[in-house]
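Comments concern the structure below.
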Amino acid sequence: MFSPTVAHDWHFPRSTTGIGVLLAWARANGIDPAPLLVGTGLSPDDLEGAEGEVTADQELTVVRALLRRRPDEPPARLGAAIGASYHLGSFGVFGFAMLASPTLLHAVDLATRYIDLSFTFAMPRAELEGDAETGTVQVHVDGATLPPDVRPLLVARDARAIGTALRELLPGLPLELRLEPVEAPRRAVVSFPASNLARPLPQGNPQTAAACEQLCAELVERRRSRRGLAQQVRVLAAQEVTGGAPAGVVARRLGLSERTLRRRLAAEGTSYSELLDEVRSGLAVGLLATDLSLDEVALRLGYAEASSFIHAHRRWTGRTPRQAAEAD
């Protein structure tokens, strides 16, 4: 009944909005958010705009900082409180695709296929126990592969966020959330009657859902095109691109020497310059669609002058930016 989850682990890149939600919760609960970014290599300015990405490790750094600032609070309780602050609007086009789904079944199925557009760490798996009329849907939230120090918080956070999202999709949905074990959960189960799967959603709109799902597919295609170290390098290079994203800077943020970084990327069949080109060419598409001048676009992509950007654009596409715009 449900599509298999395509992402099998939690190491995928995430929207900057995920850290933004953590910082907003901290601020609302009397915790200064600025120190939570220490060690991430990020500044508050880096978190502006939903198009930016962070690595899983950067978000985990913020989670650990939150745990240190609430040493007397049970991590599972802290995680549940944070999870309650997540809403479908926090997930951008992924959240809007679920909201516009015609039925709850469609929304749950979509979520499993594009789960790496969420902020989850404890990977969920939806199963139908019994039949669609009298059975139960169980969403298993598994934290087995998570680092032990953050596992209880993240399992509770992600399970509570799933429950919050389900009730936002279908207000009044009867839910049961079970943490296993309760005080230091390694897993959780969110369950609800399967008869609700066929119910139409209040904001369902098939046309909007189809358009949002197409955007989801395009976004994950780009994200899934790289894995492992290359994937992390692309995210960090994008964060450093305005300053030129020197290989040595990205290597230090990964705790590697530049030589080791280049050797490991070669073992993955790529190179730092190839990845930086991918980052710049991807960002250029969005920037050229704005009112920015070529000089401003070039500066945002880390080029000293527009001519260097124009040369690079011709190398990527076979056309200058002006020729590309005229062709469109």
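The values are calculated or read from the model by the stated rules, or taken from the named source; none is laboratory data. This is a predicted model, so every value here is computed, not measured. Quick reminder, even Gly has a Cβ in these numbers, built from the backbone with ideal geometry, and neighbours come from all protein chains shown. Accessible surface is based on the protein model in full, side chains and every heavy atom, while ligands, DNA and RNA are left aside. Shrake-Rupley method; radii C 1.70, N 1.55, O 1.52, S 1.80 Å.
Hand me the list of strands (runs of 3 or more DSSP E) wholly inside region 115-183 holding 2 or more residues that are over 21 Å from A97 (Cβ atoms) and of a type in the set (A, V, I, L, M, F, W, C).
Here the list reads 176-180.
Which residue pairs have Cβ atoms under 6 Å apart, sit 6 or more places apart or on different chains, and have a first residue in region 41-55 that is over 14 Å from G18 (Cβ atoms) and a second that is at pLDDT 85 or above and open to solvent by 40 Å² or more (accessible area, probe 1.4 Å)?
Pairs found: G41/R253.
Quick one: what pairs do we get from region 134-149, first residue under 30 Å from P71 (Cα atoms), second modelled with pLDDT of 95 or more and among the acidic types (D, E), C-beta under 7 Å, 6+ apart or different chains?
The qualifying pairs are V141/D158.
Of the conditions (1) crowded, with 16+ Cβ neighbours inside 10 Å; (2) over 21 Å from E53 (Cβ atoms), V233 clears all except one; give me its number.
Going through the list (1) crowded, with 16+ Cβ neighbours inside 10 Å; (2) over 21 Å from E53 (Cβ atoms), V233 breaks only (2).
Could you tell me whether E268 is among the acidic types (D, E), more than 22 Å from the chain's Cα centre (by Cα) and closer than 21 Å to H313 by Cα?
So E268 fails the test.
Given (1) on the phi > 0 side of the Ramachandran plot; (2) in a helix (DSSP H, G or I); (3) not charged (D, E, K, R), where does A107 come up short, assuming only one miss?
(1)
Just give me the residues in region 274-328 being more than 25 Å from L219 (Cα to Cα) and aromatic (F, W, Y), in sequence order.
Y303
Just one of E168, E129 is loosely packed, with under 15 Cβ neighbours inside 10 Å and farther than 21 Å from P13 by Cβ; which is it?
E129
Can you tell me which residue in region 171-226 is least open to solvent (accessible area, probe 1.4 Å), limited to those that are more than 22 Å from F91 (Cα to Cα) and among the acidic types (D, E)?
Going through the qualifying residues, I end up with E180.
Among D291, D277, which is under 31 Å from the mean Cα position of the chain (by Cα) and free of Cβ contacts under 8 Å to residues at least 24 places away in the same chain?
None of the others qualify; the one that does is D291.
Go through region 90-119 and give me each residue that's surrounded by 21 or more Cβ atoms within 10 Å (Cβ to Cβ) and touching a Phe, Trp or Tyr at 6+ places or on another chain (Cβ under 7 Å).
Scanning region 90-119 gives F94, V108, Y114, D116, L117, S118.
Enumerate the pairs (first residue in region 304-328 and loosely packed, with under 15 Cβ neighbours inside 10 Å; second residue anywhere and in a loop (DSSP other than H, G, I, E, B) and of a type outside the set (D, E)) with beta-carbon separation below 8 Å, excluding pairs fewer than 6 apart on the same chain, so at least 6 apart or on different chains.
R314/T320; A327/R319
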